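Below is one structure, written out as structure tokens; comments come after it.
The values are calculated or read from the model by the stated rules, or taken from the named source; none is laboratory data. These numbers were taken from a predicted model, which means no experiment stands behind them. Heads up, the Cβs are rebuilt from the backbone with ideal geometry, glycines too, and the neighbour counts pull from every protein chain shown. Areas reflect the complete protein model, heavy atoms only, side chains present, ligands, DNA and RNA absent. Shrake-Rupley method; radii C 1.70, N 1.55, O 1.52, S 1.80 Å.
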Amino acid sequence: MNIKATLILTTAAMLATSCLDENPRSQLTEDQAFDSSTALYQNTVATLYNYIGGNSDSQGLQGTYRGVYDFNTFTTDEAIIPTRGGDWYDGGFWQDLYRHTWRNYDEALYATWLYLYKAVGQCNLSLDRLDRYGKTMLTEHELAVSKAEVRALRAMFYYYLMDLFGRIPLHLTTEMKQVEQPERSVTYRFIVSELQECAPLLYNKMSQHEGYYYGKFTQGAAYFLLAKLALNAEVYADDCWTDNVRPEGKDIFFTVDGQQLNAWQATQAYCRKVEDLGYRLEADYAANFCITNETSAENIFTIPMDKTLYTNIFKNLFRSRHYSHGSAVGTLSENGSCATVAAVRTYGYGTPDEDARFRLNCYADTVSVDGRVVIMQGGAPLVYMPLEVRLDLTGSPYEKTAGARMYKYEIDRTAYADGQLQSNDIVLFRYADVLLMRAEAKVRNGEDGTDDLNAVRRRVGMAERQATLATILDERLMELMWEGWRRQDLIRYGLFHKAYDQRPQLDGEDDAHTTVFPIPQRAISLNGTLKQNPGYETE
């Protein structure tokens, strides 16, 4: 079954914050669109996977600009997009992103908000159609399975909304009515409950491999998200995140397989469930990001990519490489994003103890392609300078060359659209993250997480370390660089709102109000009952 099937009927799903209209894709009537069990699945469940990736700004979970990935990456001590003379100032957008000043943000934030709620709205519409048509052509169990897949996807989209925006509207039907904006903890518990109820009904197959289950939200993805939700319980269960007081993870409880477990125990339980499904570390770290990474046993949930079949794009590599570097591999490039100085120092760049993953994740120093040094316009060799990064490089001798650039994914030399339509699937959830989540949960619960930490380190030939919160945070950066998790990690560690790398703490930011983004003003204007997040009321 083609999971990238397009919606073929006219819909009008209304949220309180926006009207989510889909243009008609076919002249079929609604009854014709749902006249068989295959068509029903295609047009209620499969079509929702169109929202995982994207091909324009703020759309998709990764691969495009000014959306979920950028807000979770370029606000942190992991990566930065410096101003390079006349390039990448963009009205101060990227500088504000890094500084947490959020100026010029409403348009991009609203576009991201709208994308995620559009996906939620389509899930609600799909559940309505399944109830309307499924009862006559599906068994009770088949209907429950299809609805579970939709509910789990909806929970995932709500997870990203709740993580980014904190207190959000919770809308569960297609009815055009006023939507409640519950406290963050209420939405958090709803997401957990939905995933717990749906997980047993989801496919217990690996979805990263090509075939019927390819790209689907299966049990592995659900248990991975439940582990994330439990690990971040102190953040998500906190309805007053600006008072510098969080609930204790040991006092937040989950029911897992009939047992009452605290947040750290629940994290471990869900990590074990992922492990029991057969996911494992690949012997070769780079295999998870190669052109044919559909064979990975480590990737849990990905955005399927194919330069001829799908329209999802991956602009992150394109954005990072110097112009001459792009030309050398047969693409264009934008010479923008790079690792921060703090990140390259965490890797031990240039020292005898440099972590092996630095060269797997980043281009640094003299750049060669196909055994030949890349030459810039003017005749000088291209040399990336990882320690010369500044927020504004204008006038610097390293204006165009400062910063270690994104590597991570093998370059698809046959990619289309100047390298943006590639065959490497974009990795969203990965088993190495499961091991690091379990290691952290153990340490936070007073246990020893060293074995899990060192399983990840041994895979890349690095010396073993004792698991502490500090060593795990460093390990998460080195292992998961460019994968979109750093903002969440820094918030959980209480570091996101503090000074780091070259970013000073803002005046008034000690209350941690920047750990969530403001509710977009356009959303508030459309629904005057929406309450702005603390710290942004006067903006």
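Overview of values
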read-out: Flag for THR394 being surrounded by fewer than 23 Cβ atoms within 10 Å (Cβ to Cβ), over 30 Å from VAL245 (Cα atoms) and touching a strand residue (DSSP E or B) at 6+ places or on another chain (Cβ under 7 Å); value: yes
read-out: Inter-residue pairs, beta-carbon under 6 Å, first under 15 Å from TYR409 (Cβ atoms) and in region 472-488, second part of a loop (DSSP other than H, G, I, E, B), 6+ apart; value: TRP482/LYS408
read-out: Residue tally, condition of a type outside the set (D, E, K, R), open to solvent by less than 20 Å² (accessible area, probe 1.4 Å) and touching a residue at least 40 places away in the same chain (Cβ under 8 Å), over region 435-446; value: 4
read-out: Hits in region 47-90 (condition: hydroxyl-bearing (Ser, Thr, Tyr) and either assigned to a helix (DSSP H, G or I) or within 13 Å of the chain's Cα centre (by Cα) (or both)); value: THR47, TYR49, TYR51, SER58, THR64, TYR65, TYR69, THR73
read-out: Of residues in region 160-185 being part of a loop (DSSP other than H, G, I, E, B), under 26 Å from THR514 (Cβ atoms) and hydrophobic (A, V, I, L, M, F, W, C), the one nearest to the chain's Cα centre (by Cα); value: ILE168
read-out: Every residue from region 186-235 that is more than 27 Å from ARG476 (Cβ to Cβ), part of a helix (DSSP H, G or I) and among the hydroxyl-bearing types (Ser, Thr, Tyr); value: SER193
read-out: Residue list for region 126-171, restricted to those being among the charged types (D, E, K, R) and surrounded by fewer than 18 Cβ atoms within 10 Å (Cβ to Cβ); value: ASP128, ASP131, ARG132, LYS135, GLU140, GLU142
read-out: Residue in region 466-486 that is of a type in the set (Phe, Trp, Tyr), under 13 Å from ASP77 (Cβ atoms) and either touching a strand residue (DSSP E or B) at 6+ places or on another chain (Cβ under 7 Å) or open to solvent by less than 10 Å² (accessible area, probe 1.4 Å) (or both) present; value: no
read-out: Residue check for TYR98: touching a residue at least 40 places away in the same chain (Cβ under 8 Å), part of a helix (DSSP H, G or I) and within 30 Å of LEU495 (Cα to Cα); value: yes
read-out: Counted residues, region 237-260 - those being within 18 Å of ASN445 (Cα to Cα) and either open to solvent by less than 40 Å² (accessible area, probe 1.4 Å) or not charged (D, E, K, R) (or both); value: 10
read-out: Within region 371-387, considering residues that are surrounded by fewer than 17 Cβ atoms within 10 Å (Cβ to Cβ) and out of contact with any strand residue (DSSP E or B) (no Cβ under 7 Å at 6 or more places or on another chain), the one farthest from THR401 (Cα to Cα); value: GLY371
read-out: Residue in region 86-101 that is among the charged types (D, E, K, R), within 24 Å of GLN422 (Cβ to Cβ), out of contact with any Pro (no Cβ under 7 Å at 6 or more places or on another chain) and surrounded by fewer than 22 Cβ atoms within 10 Å (Cβ to Cβ) present; value: yes
read-out: Neighbours by Cβ (under 7 Å, 6+ apart or cross-chain): first from region 495-511, over 21 Å from PRO82 (Cβ atoms); second open to solvent by less than 30 Å² (accessible area, probe 1.4 Å) and among the charged types (D, E, K, R); value: HIS497/GLU509
read-out: Residue list for region 28-46, restricted to those being open to solvent by 40 Å² or more (accessible area, probe 1.4 Å), not in a helix (DSSP H, G or I) and not small (Gly, Ala, Ser); value: LEU28, THR29, ASP35
read-out: Single condition CYS198 does not satisfy, out of (1) in contact with a His (Cβ under 7 Å, 6 or more places away or on another chain); (2) surrounded by 22 or more Cβ atoms within 10 Å (Cβ to Cβ); value: (1)
read-out: Some residue of region 503-520 being surrounded by 15 or more Cβ atoms within 10 Å (Cβ to Cβ), of a type in the set (Phe, Trp, Tyr) and in contact with a Gly (Cβ under 9 Å, 6 or more places away or on another chain); value: yes
read-out: Qualifying helices (runs of 4 or more DSSP H) (wholly inside region 261-370; at least 2 residues being surrounded by fewer than 20 Cβ atoms within 10 Å (Cβ to Cβ)); value: 263-276, 323-328, 341-346, 357-361
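Every residue, every condition in (1) open to solvent by less than 10 Å² (accessible area, probe 1.4 Å); (2) hydroxyl-bearing (Ser, Thr, Tyr); (3) out of contact with any His (no Cβ under 6 Å at 6 or more places or on another chain), yes or no:
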position	(1), (2), (3)
TYR398	no, yes, yes
ALA404	yes, no, yes
GLU410	no, no, yes
ALA415	no, no, yes
GLY419	no, no, yes
ILE426	yes, no, yes
ALA432	yes, no, yes
ASP448	no, no, yes
VAL456	yes, no, yes
